[in-house]
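Peer 1: Below are the structure tokens for one structure; questions will follow.
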């Protein structure tokens, strides 16, 4: 490639850099500072060294929240990704019904998070909710407010309802970009439905699928609003995920030090996972380019 | 650019870094003439700066400046290492820093403070990353 290299172009990035410094870097630095100090308010800080980090690393409460968070993200990905692919494969490829499906699928994505939480909060209630009342009428003992398993099932159902469309739409876009010639060649070779999926559709979808997995992982790992509105982290602590616990700690108890120390570790985990995904994605792109 | 101009750029960057370092130490809070390492640098300031954290960010900043200058002088060429992925010099810095954070946390969880041995381990790890990744 004979592109001209002009390093002065980097100056064009300067405005964004200033903006990011203001909105992200300075707050992040403040969090780092808070993680090493103790405070009782009024900007009076007392050095605590590595104390908060040691506390948080040994904290049962945080281990619990982290475990639940990992479990939640794993379940979400295990359901939404295969389901999204399955839906995308079975969507009409063109015509009226294809547009109809696209609009229908996009609807849940347009609903604000807290509204989704409220919808399911009412939907699942045994006294007035359609789902809760129907289940109770069928004789199923369902109550998400005092049974941890029911709470988990409701939150997972809510997230699947809210976000599977995203995976499906991304996969659908990936599928649409496959030229017909591939399918014709497969038909000539009398390839089975499975081998068409395995050797044509899946490799061609790999790029968008990775983006979908990354987005879903990040969102589910940072989920706050929906479970907060639906269960408030209960019953007990059974649906208290990382961000819910962090907010409780930082805003509810005003324990800024431990909350800052823990959010830094939370941030590092997210940074690591994002880096892995990004690297895999770019490496795949390069291999495809060859 | 010629060798002398590069020397000038290095000298300017080093002088800039030294001035900032000097300012940081001048702004450091003191008690009976000695530097009070753990006192807030700005009493009543909402960002709660202390000298150790300021020095941490100062080091990161200096690394970024150094790697920027190096990248301009010796353009980065990606290479494939033990991780089987293409990495440039900047990528290796990122991997070193991120890995060091996890090494320090693991050390803290396993053996507790102080983190001096962990820091040595991080430097070894960073050297290994720059050599083989």
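Peer 1: All but one of (1) away from every other protein chain (no Cβ under 14 Å); (2) touching a helix residue (DSSP H, G or I) at 6+ places or on another chain (Cβ under 9 Å) hold for residue A:252; which doesn't?
Peer 2: (2)
Peer 1: Residues that are buried (at least 17 other Cβ atoms within 10 Å of the Cβ) and outside any helix (DSSP H, G or I): does segment A:145-166 have at least one?
Peer 2: Yes, because at least one residue in segment A:145-166 is buried (at least 17 other Cβ atoms within 10 Å of the Cβ) and outside any helix (DSSP H, G or I).
Peer 1: Would you point out which residue out of A:129, A:84 is more than 17 Å from residue A:241 (Cα to Cα) and within 25 Å of the chain's Cα centre (by Cα)?
Peer 2: That would be A:84, the only listed residue that is more than 17 Å from residue A:241 (Cα to Cα) and within 25 Å of the chain's Cα centre (by Cα).
Peer 1: Separate question: Residue under question is residue A:55, and the condition is that it be in contact with a strand residue (DSSP E or B) (Cβ under 9 Å, 6 or more places away or on another chain), within 13 Å of chain B (Cβ to nearest Cβ) and closer than 30 Å to residue B:110 by Cα; does it hold?
Peer 2: Judged against the criteria, residue A:55 is not a match.
Peer 1: I'm trying to understand the selection: among the residues of segment A:44-83, which are part of a loop (DSSP other than H, G, I, E, B) and over 15 Å from residue B:38 (Cα atoms)?
Peer 2: A:59
Peer 1: Residue A:38 versus (1) within 14 Å of chain B (Cβ to nearest Cβ); (2) assigned to a helix (DSSP H, G or I); (3) touching a residue at least 24 places away in the same chain (Cβ under 8 Å): which is the lone unmet condition?
Peer 2: (2)
Peer 1: Now for a separate question. Going by the conditions given, is residue B:113 without any contact (Cβ under 8 Å) to a residue 24 or more places away in the chain, surrounded by 14 or more Cβ atoms within 10 Å (Cβ to Cβ) and within 12 Å of another protein chain (Cβ to nearest Cβ)?
Peer 2: Judged against the criteria, residue B:113 is not a match.
Peer 1: Moving to a separate point now. Name, by its number, the condition in (1) free of Cβ contacts under 8 Å to residues at least 40 places away in the same chain; (2) more than 9 Å from chain A (Cβ to nearest Cβ); (3) surrounded by 12 or more Cβ atoms within 10 Å (Cβ to Cβ); (4) under 25 Å from residue B:133 (Cα atoms) that does not hold for residue B:29.
Peer 2: Every condition holds for residue B:29 apart from (4).
Peer 1: Give segment A:9-25 a look and list any residue that's exposed (fewer than 12 other Cβ atoms within 10 Å of the Cβ) and within 11 Å of chain B (Cβ to nearest Cβ), or say none.
Peer 2: Once the filter is applied, which keeps residues that are exposed (fewer than 12 other Cβ atoms within 10 Å of the Cβ) and within 11 Å of chain B (Cβ to nearest Cβ), segment A:9-25 yields only A:10.
Peer 1: Among the residues that make up segment A:81-101, is at least one of them on the phi > 0 side of the Ramachandran plot and more than 13 Å from every other protein chain (Cβ to nearest Cβ)?
Peer 2: Scanning segment A:81-101 turns up at least one residue that is on the phi > 0 side of the Ramachandran plot and more than 13 Å from every other protein chain (Cβ to nearest Cβ).
Peer 1: Across segment B:75-85, what is the number of residues that are more than 10 Å from chain A (Cβ to nearest Cβ) and touching a residue at least 12 places away in the same chain (Cβ under 8 Å)?
Peer 2: Counting residues in segment B:75-85 that are more than 10 Å from chain A (Cβ to nearest Cβ) and touching a residue at least 12 places away in the same chain (Cβ under 8 Å) gives 3.
Yes/no matrix, rows are residues, columns are (1) more than 26 Å from residue A:34 (Cα to Cα); (2) not assigned by TED's automatic domain parsing to the domain that holds residue B:122:
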residue: B:23; (1), (2): no, yes
residue: B:27; (1), (2): no, yes
residue: B:30; (1), (2): no, yes
residue: B:37; (1), (2): no, yes
residue: B:42; (1), (2): no, yes
residue: B:85; (1), (2): yes, no
residue: B:94; (1), (2): no, no
residue: B:106; (1), (2): no, no
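Peer 1: Filter segment B:92-109 down to the residues that are crowded, with 19+ Cβ neighbours inside 10 Å, within 17 Å of residue B:76 (Cα to Cα) and facing chain A (nearest Cβ under 9 Å) and list them by number.
Peer 2: B:95
Peer 1: Looking only at residues in segment A:167-201 that are touching a residue at least 40 places away in the same chain (Cβ under 8 Å) and surrounded by fewer than 17 Cβ atoms within 10 Å (Cβ to Cβ), which one is farthest from residue A:66 (Cα to Cα)?
Peer 2: Here the residue is A:176.
Peer 1: Another question about this same structure. Tell me yes or no: at least one residue of segment A:90-97 is under 30 Å from residue A:261 (Cβ atoms), surrounded by fewer than 10 Cβ atoms within 10 Å (Cβ to Cβ) and modelled with pLDDT under 90.
Peer 2: Within segment A:90-97, not a single residue is under 30 Å from residue A:261 (Cβ atoms), surrounded by fewer than 10 Cβ atoms within 10 Å (Cβ to Cβ) and modelled with pLDDT under 90.
Peer 1: Also, quick follow-up: Please work out which residue is farthest from residue A:256 (Cα to Cα), limiting yourself to segment B:32-66 and to residues that are at the interface with another protein chain (Cβ under 7 Å from one of its Cβ atoms), surrounded by 14 or more Cβ atoms within 10 Å (Cβ to Cβ) and out of contact with any strand residue (DSSP E or B) (no Cβ under 8 Å at 6 or more places or on another chain).
Peer 2: In this case the residue turns out to be B:57.
The values are calculated or read from the model by the stated rules, or taken from the named source; none is laboratory data. Keep in mind that what you see is a predicted model, and the values were worked out from it rather than measured. Don't worry about glycine lacking a Cβ; one is built from the backbone with ideal geometry, like all the others, and counts go over all protein chains shown.
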